[in-house]
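Comments concern the structure below.
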Amino acid sequence: MFPGLNIIQGIITAVTWICGTILNLSVVAVFLRDWKNKINLAVGDQIILTIGWTNLLSQSSCALDLICVLHGFYILLPKEFSIGVCVVIMFLNCLLFWLTASLSICYCLKLVNFSHEIWSDMKRRILNAIPLLLLGSGIISFAISLPFVWKIEIKADKNTTAHLNDYLFIFNIPFSCVNIAFGCGLPSVITSCCIGLSMTSLLRHIWRMKKNISQFWSPQTKSLLTACRTMFLLLVINLVFFFVYTLSILLFSSSPDPIVGTVLWSLILLNPSVQAIVLIFGNSKLANMWSNVWLTLLD
């Protein structure tokens, strides 16, 4: 093993855990403060609050998983524990995809305008049903992740004594395909459709404002651009996380290079922090909060 790699891995785990916790706790704290002050949270804010909580759980679960892998704890603990951690991470990953889809639907409905009366009625009904959509996201994610409790096998690898290789994950292919299709594919398609509609609305708005330079960067234009950017970045981050986590599982099931494994898990541990940054810059309330924090620190 590369000299000092354990120290580097420990530092990366500690730094990403602290940063991710601080960033996502700040997201949660802002909206909990409003809730405590009896301020009704907008539908989008409710979804962002849920994403913040999910990221906190995801950060802790991934850090715990990495610690167990690096120090060989899984081989010492009951197999049920390692399976449980893996299933929890899968559930949170699927939930993040569906929460991103829910946030994209919310943004799309607020930003895209059609003159037809049917659209206005459907828009109102869907926005009112967003809390049920959040509940449905949790149920779907739980339903497609729970079967892995019985469909994952973990076997000790007796051919090596390296901590990274002392266990093997064996996944059930049919259930894995269902998990990918409904936990990643379907919400990604929904998010992509929302991004497409929002981008169409943005381009149409820019075309109308093109003749009036003074109103070109109006608040509505900035709102459209920020929403499109937030939806796109969250989708890309979720896809990268899913790809990297899947790749890491495949590598850890064979004989991974320790440095490659460290890079992959560093990306996984960075995911909650990056998502929190995207949410902060994509929400005016959160952005103002962080601006005030930095101004206070600079003073």
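Rule-based calculations on the coordinates, nothing more; no lab input. All values derive from a computational prediction rather than experimental measurement. When we count neighbours, we look across all protein chains shown, and the Cβ atoms used for this are built from the backbone with ideal geometry, even at glycine.
Cross-link list 38/285; 222/285; 38/123: which exceed 19 angstrom alpha carbon to alpha carbon? It would help to have the intermediate numbers written out before the result.
Numbers: 38/285 16 Å; 222/285 15 Å; 38/123 26 Å.
In this structure, 38/123 exceed 19 Å between Cα atoms.
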statement: Loop-resident trypsin sites (Lys or Arg not before Pro) in region 13-110 with no more than 13 other Cβ atoms inside 10 Å, DSSP not H/G/I/E/B, are 38
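I need the peptides 88-97, 173-182 ranked by packing, meaning the mean over residues of other C-beta atoms within 10 angstrom, with the highest value on top.
Details: 88-97: 23.9, 173-182: 14.0.
In decreasing order of mean packing, 88-97, 173-182 become 88-97, 173-182.
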field: 5 Å-binned pair-distance histogram of region 1-111 (Cα, whole percent)
entry: 2, 11, 16, 16, 17, 14, 10, 7, 5, 2, 1
